[in-house]
Amino acid sequence: MKRKRRHLTAEFKARVATEALKGEKSIQQIAQENDIAPAQVSTWKKDLEDHVASIFERKNAVDQSTEKQERRTSHLERKIGQLLIEKEFLEKKCEQLGIDLSERP
């Protein structure tokens with residue numbers, strides 16, 4: 001009989017990974033105590049090691065990146081507006097001068 005798939009919480013995974021990272025027990029022991037595969041414990045431990053530095057990253061770094069992106073977006077929106085106004089102006093001038101715009105490439 002197949003065992004029903006379990007959905008483990010982030011807190012559970014974090015606890016198991018932290019326990020494995022401490023090294024007080026072997027991965028086999030941790031896996032057996034929590035009824036999970038040793039490979040899964042190793043994966044969670046590696047994930048924790050790989051991402052632990054992100055906890056200490058400056059929160060301003062993300063804010064600065066977002067602010068820079070917003071400034072760029074704003075600049076591009078203004079540029080699009082300017083180009084649309086210029087296009088409309090040139091179309092009106094072509095009409096006044098009798099230039100047929102349907103012939104353009």
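The values are calculated or read from the model by the stated rules, or taken from the named source; none is laboratory data. Just so you know, these numbers come straight off a predicted model, no measurement behind them. We place every Cβ from the backbone using ideal geometry, glycine too, and count neighbours over all the protein chains shown.
Overview of results
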| quantity | calculated |
| --- | --- |
| Exclusive hit being at pLDDT 90 or above and of a type in the set (Gly, Ala, Ser), set Ser42, Ser65, Ser54 | Ser42 |
| Pairs, first more than 19 Å from Arg5 (Cα to Cα) in the range 23-49, second surrounded by 11 or more Cβ atoms within 10 Å (Cβ to Cβ) and small (Gly, Ala, Ser), C-beta under 7 Å, six or more apart | Ile27/Ala20; Ile27/Ser42; Ile30/Ala20; Lys45/Ala17; Lys45/Ala20; Asp47/Ala17; Leu48/Ala17 |
| 3 or more residues more than 31 Å from the chain's Cα centre (by Cα): qualifying helices (runs of 4 or more DSSP H) within the range 10-102 | 27-34, 59-97 |
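Residue by residue, here is whether (1) within 30 Å of Leu101 (Cβ to Cβ); (2) surrounded by 11 or more Cβ atoms within 10 Å (Cβ to Cβ); (3) basic (Lys, Arg); (4) touching a strand residue (DSSP E or B) at 6+ places or on another chain (Cβ under 8 Å) holds:
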residue	(1), (2), (3), (4)
Val16	no, yes, no, no
Gly23	no, no, no, no
Ser54	no, no, no, no
Thr66	no, no, no, no
Gly81	yes, no, no, no
